[in-house]
1. Which one of the conditions (1) in contact with a Leu (Cβ under 8 Å, 6 or more places away or on another chain); (2) part of a loop (DSSP other than H, G, I, E, B); (3) surrounded by fewer than 20 Cβ atoms within 10 Å (Cβ to Cβ) does HIS388 fail to meet, given that it meets all the rest?
2. Exactly one condition in (1) open to solvent by less than 10 Å² (accessible area, probe 1.4 Å); (2) under 15 Å from VAL133 (Cβ atoms) is false for ARG461; which is it?
3. Among (1) of a type in the set (A, V, I, L, M); (2) open to solvent by 10 Å² or more (accessible area, probe 1.4 Å); (3) touching a residue at least 24 places away in the same chain (Cβ under 8 Å), where does MET411 come up short?
4. If I filter the stretch 348-356 for residues that are open to solvent by 30 Å² or more (accessible area, probe 1.4 Å), modelled with pLDDT under 95 and either more than 27 Å from ARG267 (Cβ to Cβ) or touching a Leu at 6+ places or on another chain (Cβ under 9 Å) (or both), do I get at least one hit?
5. What number of residues within the stretch 362-385 are closer than 30 Å to HIS447 by Cβ, part of a loop (DSSP other than H, G, I, E, B) and not β-branched (Val, Ile, Thr)?
6. Could you go through the stretch 18-40 and let me know if any residue there is at pLDDT below 95, more than 28 Å from ARG427 (Cβ to Cβ) and surrounded by 11 or more Cβ atoms within 10 Å (Cβ to Cβ).
7. Hey, can you tell me all the residues within the stretch 323-351 that are among the hydrophobic types (A, V, I, L, M, F, W, C), in contact with a strand residue (DSSP E or B) (Cβ under 6 Å, 6 or more places away or on another chain) and not in a helix (DSSP H, G or I)?
8. Do we find a residue being of a type in the set (Ser, Thr, Tyr), open to solvent by 30 Å² or more (accessible area, probe 1.4 Å) and touching a residue at least 24 places away in the same chain (Cβ under 8 Å) anywhere in the stretch 324-334?
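The values are calculated or read from the model by the stated rules, or taken from the named source; none is laboratory data. Quick caveat, the model's predicted, so the values are computed rather than measured. Quick reminder, even Gly has a Cβ in these numbers, built from the backbone with ideal geometry, and neighbours come from all protein chains shown. We work out accessible area using only protein heavy atoms, side chains counted, and drop any ligands, DNA or RNA first. Shrake-Rupley method; radii C 1.70, N 1.55, O 1.52, S 1.80 Å.
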Amino acid sequence: MEFFRYAKGLVNRISSVREQKLSQNKNVSLDPMQDYLTVGEYRVDEEQHTPHNQPYKLTVYKDDEGVLHQALSLESTTKLEPEYVRDFNQELGCYRAFANRNTGRRYVVEEYLEQFVERVKKHVRQGENSVNVSVITDTHYKDANSIDFYGWNGLTHVSEFSYLDNLGLLDLKVHLGDWIDGSDTGFLGERELIKLRDAFKSNCIPYIMIKGNHDENDKYDEHHDLKASFPENEFEHIMWPQMYAQDEINYISRQHGVCYYDIDNVRFIAVNTSDLPYYLDAQGRKKYDAKITLGVREDQIEEIIEILEQSSNKNIIFMSHANPINRKASNALKYNGRSLHELLVAFNQGEKGRMHSSYGIPAEFRLANDFDFTNVKNARIIAYFCGHRHREDQYRINGIQYILFNCSALMGPKHVLTTKYNKNWKRQIDHQAEFAGYVVNIDLHRHLIQVFGYGAASKRRFFYI
C-alpha cells in the first residue's frame, strides 16, 4: 500500500467515463466521498457526511490489483489503522458504504438506526407493561461476496441489528431463524453460525435464538447429494448453550429450543418448528430434509404444556421460525402445526384434555400429551411471531394474532427466489431497503401491539389486544 502526501485544494472530480456510468444508472446510492477517485490524502468533515460530522483524514489508495480503496481516520487519532474502510465495486460503479473495521457496521446504518429508535420512542409508552423487543429473521448468511442476494451481507445485518442493544430502548432481542442459507460446506456452515452467534449475543439485553429450516445445512446436502454435512444437534450445540446460560432465560430442559422470558406481565415463549429426528440411511443421508419438513414433536409439546400450566397472570406471545397455521387455519407445518394452534386455543379457553395425532402420521411425530389449564388464572395467549415466509403478513384466528416478519436477507428483484413482497421493495446493496428489522412494543395498558420496521419493512403496524 503506497501513501501519498496530503493533498490540499479542490478534489479531483469524477471522470467522463464515470459520469457516463452514472447517467445509465440513476439509482446508484451516492455520498459526497464517492467523488474522491484520485490516490492521495484529504481532509473531510461534515460537508462530506463523515461519522458524527467529525473531521477525518480520508486516504485513497489502490491495492496490488488496481482496486481503489478508501480509509477514514479521525484527524485527532494517533492510531495507525483507519477506523472505517471501503472499496470501489466495479459492478456497482461506485464505492461500497464505509464499514467499521472492528464491528463490521456501516456508520450510515448506525445513524439510520438511531433515527429509527427516536421515531419508535415517540410512539411508545414508558413504564410497566410496555415492553420492547427487537426482531430479526431469515438473515441467510452465505459465503459469497454478493451485492444483490444472499451473501456476507447476512452477517453485516446481524451486527448492525445488534447496534439497537445500545440505544436504551429494548427489553429483549430475538432472531426467528434461518441464520444461514445452509448452502455452504458443513465446515463453513459451522463457522458461519459461530460468527452469527457472536455478533448477535448481548451483554446488556436478554436474547433468544430460534432455529430455522435452513439451519441444518440441508441445502448443501441436497445440491451435492452427499452424506449429511452437519452432525446431529450441530446448530443446537453452537447456538443454544449461551442462550440457555442467561439468568433471565427460563426453560424446562435445554434439549428442544423451548424457553421463555418474563418481563412485567408479558411472557415470551420460543418454539422450534424444525424439531426433527436425526435419521440417516445406509449412505449417510438424512431421512428428513429440514428445509421442507417442518414440525413439532411430543417432547417439545410437553414442555410447552408445562410452561403454560404455570402461566397465571401472564399475557403470552409465542415465537417460532415458521407459522404453525396459515390464514385459512390449515396446517402450515408438515407435522402438528394445527395441533399446536389448537393447544393454544385450549389454553385461552381454560380447558382440560388430551392431544392426539391423526391416522397416518409417522410414529416419531405422534402426540399423546395431557393438558390441564383449568387452574390457570388471568392469562391468555395474545400473539404469535414468526418469519420464514419472506414477507410481512398478519391474520387473527381464534383470538390469537399471528404476525409475520419480512426477511433481513437481501433479495434482489431479479432473482427467482425473491418473493413478490420483496420485489416490490426493489432491494439493493447499501440502500435502506437492503436489510429489514423490527422493534415490537407490547403495551398491556393500552391493549396494543405496535410493530415498527426499518429497511424493507412497514414503518408501523398496530394490532389491538
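1. Exception for HIS388: condition (3).
2. (1)
3. Evaluating MET411 over (1) of a type in the set (A, V, I, L, M); (2) open to solvent by 10 Å² or more (accessible area, probe 1.4 Å); (3) touching a residue at least 24 places away in the same chain (Cβ under 8 Å) leaves (2) as the failure.
4. yes
5. At the first step, the residues of the stretch 362-385 found to be closer than 30 Å to HIS447 by Cβ are 371-385.
Now narrow it down to the ones that are part of a loop (DSSP other than H, G, I, E, B): 373-379.
Next, only the ones that are not β-branched (Val, Ile, Thr) stay: 373, 375, 377-379.
Total meeting the criteria: 5.
6. no
7. ALA329, ALA332, LEU333
8. Residues of the stretch 324-334 that are of a type in the set (Ser, Thr, Tyr), as a first pass: 330.
Checking which are open to solvent by 30 Å² or more (accessible area, probe 1.4 Å) leaves us with 330.
Pick out the ones that are also touching a residue at least 24 places away in the same chain (Cβ under 8 Å) and you get none.
Scanning the stretch 324-334, I find no residue that is of a type in the set (Ser, Thr, Tyr), open to solvent by 30 Å² or more (accessible area, probe 1.4 Å) and touching a residue at least 24 places away in the same chain (Cβ under 8 Å), so the answer is no.
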